[in-house]
Amino acid sequence: MQKSLIALAVSLSLLSLHQAHGANPRGASAINDIPYGIEAVTQYRTEYNYRGFILAQDALDFQLGSQLAFNNTTYLNAAAWYGAEVGDGDFTEAGFLADLRKDFDLLTLSLSGTYRSYSNTFFESGTNIEAAAIYHFTREFDIAGRVAYDTGAEGWYSNLAAHYYFRLNDDSYINLNGGVSFVDKYYLRSGFNDFFAKVSYTYNINQMVSISPYVGTSILLDNKDLGRDSLHGGIYFAVSF
C-alpha cells in the first residue's frame, strides 16, 4: 500500500510539473521531432479483473510507457508498472511489456512479451508471449484477434474483440470495447472464458494531460463454477511528454 501511494504522489507530481512548465502539445509533441514518446499513467480501479479473474479490490497502479518508431510503419511499445491493493488486501503486481508492431495498410500485426511478478494471489509469476492481428475497417472501428501462452498459468488464452472510437469534440472522446475470450488449461479453466466489455470517456485537460473514467464488465461463460461475474469501474490520469 505504501508503494502504491508513493506511485500516486509521483504521478500527481508529474501532472503538476507538466501543467506548470507548459509541455509540448500532442499535435506538436516531441514524437514529431524525435522517434519516441513517453507517457506516465496512474490508474485506480474498484476491482482488478484480468482475463476474467478477479485478483484484487480497490487497486492502484502506476505505469511508465514509451513508444519508439523505427519508421512510419514499424514501432516498439515498452511499459513498466507497479500496482497494489489500497484497501484491506495485500495483493501486488509488477511487470514489464515489450510490444513490436507493424502496419500493413488496414492491418496491424503485433508480437509481444510481458513479464508479471505477483504476490499474495493464486496467480503465478511468469512470461506471457502473445501474437495479435488488428484489422482497421475505418479510423474509428477495428476488430482484433490475439492468442497468448502464459508460463505462469501454463496455459493458453485467446480473444476476439471489437473497438469503436467516437470523437465528441477536440478535447474529448469515447472508447467502446467488447469481445469474447477462450482459454485452454488456464488456471484450471478451459473453453469459452468470458464476455468482456468496457466503456471509457477521455477528457484532455490540456495538450499533455488527460483523465479517463471508465466502467467495465466480465461475464463468465463455460467456467461459472470457477469464478464470478464482475462489474467494476476506475479512472486513469495520464501525462504524455
Next on the checklist: If you take every residue apart from residue 58 with its C-beta less than 10 Å away from the C-beta of residue 58, what net charge results, scoring Lys and Arg +1 and Asp and Glu -1?
Outcome noted: -2
Checklist entry - What does the charge add up to near residue 113, with Lys and Arg as +1, Asp and Glu as -1, over the other residues with Cβ less than 12 Å from its Cβ? => result -2
Checklist outcome for this item: Taking only C-alpha positions in the stretch 81-197, Rg and Dmax in angstrom work out to 16.5, 48
Item to check | Inverse of mean 1/r across different Cα pairs in the stretch 161-235, Kirkwood, Å | outcome: 14.0
Item to check | the stretch 141-200: mean projected area of Cα convex hull, nm² | outcome: 4.8
Checklist outcome for this item: Here the tail fraction of P(r) beyond 22 Å, over all Cα-Cα pairs of the chain, rounds in percent to 60
Checklist entry - If r is the Cβ-Cβ distance from residue 135 to residue 88 and R0 is 51 Å, what FRET efficiency results, to the nearest 0.05? => result 0.75
Checklist outcome for this item: With a 1.4 angstrom probe the carbon and sulfur portion of accessible area for the chain, in percent, totals 61
Checklist entry - Using a Förster distance of 35 Å, how high is the FRET efficiency between residue 57 and residue 105, based on the Cβ-Cβ distance and rounded to 0.05? => result 0.20
Next on the checklist: Along the Cα→Cβ direction, 7 angstrom out, place labels at residue 164 and residue 188. What is the inter-label distance in nm?
Outcome noted: 3.8
Checklist entry - Which value, in Å² and to the nearest 10, is the accessible area of residue 163 when all protein chains are kept and the probe is 1.4 Å? => result 40
Item to check | Per residue value of the accessible surface for the chain (all protein chains in place, 1.4 Å probe), Å² | outcome: 52
Checklist entry - At residue 115 and residue 73, where each label point lies 7 Å from the Cα along Cα→Cβ, what is the point-to-point distance in nanometres? => result 3.2
Checklist outcome for this item: Put 81, 156 in order of accessible area, largest first, probe 1.4 Å, and you get 156, 81
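The values are calculated or read from the model by the stated rules, or taken from the named source; none is laboratory data. No experiment lies behind these values; they were computed from the predicted model shown. In this analysis, Cβ positions are derived from the backbone assuming ideal geometry, glycine residues included, and neighbour counts consider all displayed protein chains. The area values use the complete protein model at the heavy-atom level, side chains included, leaving out ligands, DNA and RNA. Shrake-Rupley method; radii C 1.70, N 1.55, O 1.52, S 1.80 Å.
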